[in-house]
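See below for the structure under consideration.
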Amino acid sequence: MKTRILSAAVALVLLFAVLLCGNMWILKIAVGIIGAIGLFELYRAFEYQVHKELTWVGMLLGFLIPFLPSVNSIVTVLFFYALFGIAVMVFRPQQLSFSDVTNFLVFQIYVPCALSCLVSVRETEFGAYAIWLILGGAWLTDTFAYFVGCAFGKRKLCPVISPNKTIAGAVGGMTGTALSALIYGFVLNRYFTVSLIPLAFLGICLGIVAQFGDLTASKIKRERGIKDFGHLMPGHGGVIDRFDSILFTAPMVSLFITYFTIFTK
């Protein structure tokens with residue numbers, strides 16, 4: 001327990017230091033490293049280490065994606081990575097299947113592309129405030145779901161994937177996150193204008209997708225017969241174990257602030 005608490009404290013200090021320093025290069029480097037490590041964890045879980053060309057190129061792309069300037073450039077890079085994977089498959093058909101190539105491409109979307117939304121959100125005008133919606137959406141959903149589930153949970157949500165999760169916990173996580181987003185909006189209204197209705201809707205969406213992120217990681221681990229994706233954080237597992245919900249909340253916040261007006265001067 002002491003090891004778990006200590007590793008969590010160190011990780012939180014590093015995270016807050018990166019987010020509060022305001023240096024985008026530091027954030028991009030941190031996100032790139034996390035993305036590359038997350039890909040390595042997936043490659044190991046699926047026993048893809050033997051495909052060294054695809055794994056090494058994939059990890060390099062995982063590091064570089066947060067530095068790319070636009071969605072179009074990311075799509076272009078992923079397209080050529082897919083072509084590279086198909087070329088390897090054509091010349092080594094007995095070792096690499098089309099579903100393997102598809103997995104390599106999906107892994108890029110699942111981890112580094114999702115994490116790069118941390119960068120895109122932070123680079124917006126109100127990014128210093130919006131980025132906390134990403135983290136809060138992940139952490140608060142898990143916290144509310146846990147306590148509400150312990151207190152009122154009876155009917156299981158997805159017993160095959162995660163036996164401890166309950167419907168009451170899922171509803172509590174979604175509701176608690178939505179209310180927390182509203183409270184955050186009321187606080188920020190002292191400094192600039194916040195549209196509370198879109199923010200509340202975002203909170204509901206975050207409470208939903210955060211749980212899908214957790215369940216997705218649990219599904220992969222059950223399929224692959226592993227307890228954790230890695231041991232980067234003692235007592236907490238690997239990158240994907242800790243960022244599974246953020247992989248879903250980051251794109252959601254990025255989507256909302258792109259198409260909805262939440263913060264205005």
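The values are calculated or read from the model by the stated rules, or taken from the named source; none is laboratory data. Quick caveat, the model's predicted, so the values are computed rather than measured. In this analysis, Cβ positions are derived from the backbone assuming ideal geometry, glycine residues included, and neighbour counts consider all displayed protein chains. Accessible surface is based on the protein model in full, side chains and every heavy atom, while ligands, DNA and RNA are left aside. Shrake-Rupley method; radii C 1.70, N 1.55, O 1.52, S 1.80 Å.
The table for this structure:
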| quantity | calculated |
| --- | --- |
| Neighbourhood net charge (12 Å Cβ-Cβ; Lys/Arg +1, Asp/Glu -1) for Thr166 | +4 |
| Where Cα atoms sit under 22 Å apart: lysine pairs in the chain separated by 8 or more or lying on different chains | 11 |
| Cβ charges +1 (Lys, Arg) and -1 (Asp, Glu), total dipole of the chain, debye | 560 |
| Residue with peak Gaussian network fluctuation, the chain [Cα springs, cutoff 10 Å], from Ala145, Ala128, Ala114 | Ala128 |
| Candidates Gln95, Gln211, Gln108, ranked by Gaussian network fluctuation over the chain, Cα under 10 Å, top entry | Gln95 |
| Within the accessible area of segment 35-124 (1.4 Å probe), percent carbon and sulfur | 72 |
| Given 12 as the ceiling on other Cβ atoms within 10 Å, longest exposed-site-free region of the chain for GluC sites (Glu not before Pro) in DSSP loops | 126-265 |
| Solvent-accessible area, 1.4 Å probe, carbon plus sulfur percent, for segment 160-265 | 66 |
| Sum of -39500 (n - 2.57) over DSSP H runs of 4+, divided by residues of the chain (222 nm, nearest 500) | -24500 deg cm²/dmol |
| Once the Cα gyration tensor of the chain is diagonalised, semi-axes √(5λ) in Å | 31, 24, 17 |
| Gaussian network model of the chain, Cα within-10 Å springs - most flexible of Val71, Val101, Val18 | Val71 |
| Long-range HN-HN contacts of Cys158 with modeled amide H, under 5 Å | Lys165 |
| Cα-centre dipole for segment 97-168 with unit charges at Cβ (Lys and Arg positive, Asp and Glu negative), debye to 20 | 500 |
| For the chain, accessible area per residue (1.4 Å probe, heavy atoms of protein chains only), Å² | 53 |
